[in-house]
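Below is one structure, written out as structure tokens; the observations come after it.
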Amino acid sequence: MKKSRRSTVEALIFLASLILVFGLLGWRMGGGNMINTVMKTAHDLLLNTVFYLMGITVLTGALSKLMSEFGVVKLLERVLRPLMKPLYNLPGVAALGAVMTFLSDNPAIIALSKDRNFAGYFKKYQLISLTNFGTAFGMGFVVIVTMIGYGQVTGALVGLFGAFCGSIISTRIMQHSCLKAYPELDTPVLEDVASGEGIVTDEPEQKNGIFMRFLNAILDGGKNGVELGLQIIPGVLIITTAVIMLTFGTEPYGVYNGSAFQGVPVLPWLAEKIHWVFEWLFGFQHMELIAFPMTALGAVGAALGLLPTFNGAGFLDGNTIAVFTAIGMCWSGFLSTHTAMLDSLGYRKVISKAIGAHAIAGLCAGVIAHFTYLLISLI
């Protein structure tokens, strides 16, 4: 009886919220205009943003597969290995996780974590912190290439530095909070696996020639890129459309006429109340820009979908690209992946700690990118 009553209450609250939101938008824009704007915005995003991003994911997917096939990933892992212990308090093999998530997406770190050969080098709290560590690099390659596509190479590289700093902050906070709350996690994941460095002892047998390996790598990598491109469609169409509807006004026509990318600027209105915070921390001169980090909380692919609109409005400069790159990479949709990732590892009890640590780290990444860019601009 109680369960049925609770379900009824939830349904009523949901319907009331839905009617309130769409009622207010429809009252301000006009019901017909609102519906037309929703449909046209989603359609434009699908044609001009999703397919653009899919093109990037296909190319980067092929490149990342080539790098893996011909040993570049393993070389990067060996180069980065000495940095892992002093910076992240993680075994050297964790560098492989950073490279893989940078070239693909957040869940790649979980696939590694479930590998017995890989997990044996970690203590339990370290293995859990891989969720934060890997997420800070998720879709990094796609984000960097997309940002450079707007002609801001320096801003993109500064943003990469900010995301790197954010990854350290997130991983360290996560480890500290886990050990403080659960001291029993300071034990090896697998007691029977000896400590050491390196998880691959034998090179895989190469049965095919170089040309066939090259061909198979680009085709398989491109296929993975298509799958990633398809996975970002719901986020871009649903989340980005909603954010745009709450961010932009009547531009460029000055009146509501059902055109794409119109809306009611609720988010900028709220941001204006504390505009000095965003101006000082991130250097944002236009409060509409706050829509990017808010969207990146749920899906960085959807956040990237906002860039063409910002670029058309003349909002994008080097500092903005730097901050967007840092926050987009570091957060990379962690609200939509952290829960599932930690659940798959069997550590639901630390989800809140992981989310809190990553939220702080993403903000710090943006701040670091902003002030670093300012410093470089002065030199």
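The values are calculated or read from the model by the stated rules, or taken from the named source; none is laboratory data. Small disclaimer: the values here were computed from a predicted structure and weren't measured. With ideal geometry, Cβ positions are generated from the backbone for all residues, glycine too; neighbour counts draw on all protein chains shown.
The residue pairs whose first member lies in region 13-30 and is surrounded by 11 or more Cβ atoms within 10 Å (Cβ to Cβ), whose second member is at pLDDT below 90 and of a type in the set (A, V, I, L, M), and whose beta carbons are closer than 8 Å, counting only pairs six or more residues apart or on different chains, are L24/V264; L25/M245; L25/V264; R28/V264; M29/V264. Among the residues of region 290-304, those that are part of a helix (DSSP H, G or I) and either touching a helix residue (DSSP H, G or I) at 6+ places or on another chain (Cβ under 6 Å) or aromatic (F, W, Y) (or both) comprise I290, A291, F292, P293, T295, A296, V300, G301, A302, A303, L304.
Residues that are without any contact (Cβ under 8 Å) to a residue 60 or more places away in the chain, surrounded by 17 or more Cβ atoms within 10 Å (Cβ to Cβ) and among the aliphatic types (A, V, I, L, M) within region 45-82 comprise M67, V73, L76, listed in sequence order. Regarding E205, is this residue over 29 Å from the mean Cα position of the chain (by Cα), in a helix (DSSP H, G or I) and either at pLDDT below 90 or loosely packed, with under 12 Cβ neighbours inside 10 Å (or both)? Answer is no for this residue.
In summary, L130 fulfils each of the numbered conditions (1) buried (at least 22 other Cβ atoms within 10 Å of the Cβ); (2) in a loop (DSSP other than H, G, I, E, B) with the single exception of condition (2). Among the residues of region 141-191, those identified as small (G, A, S), part of a helix (DSSP H, G or I) and over 19 Å from the mean Cα position of the chain (by Cα) are S177, A181.
Per-residue answers, yes or no, for (1) modelled with pLDDT under 90; (2) over 30 Å from S104 (Cβ atoms); (3) in a helix (DSSP H, G or I); (4) touching a helix residue (DSSP H, G or I) at 6+ places or on another chain (Cβ under 6 Å):
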{"residue": "P268", "(1), (2), (3), (4)": "yes, yes, yes, yes"}
{"residue": "W280", "(1), (2), (3), (4)": "no, yes, yes, no"}
{"residue": "Q285", "(1), (2), (3), (4)": "yes, yes, no, no"}
{"residue": "L316", "(1), (2), (3), (4)": "no, no, no, yes"}
{"residue": "A326", "(1), (2), (3), (4)": "no, no, yes, yes"}
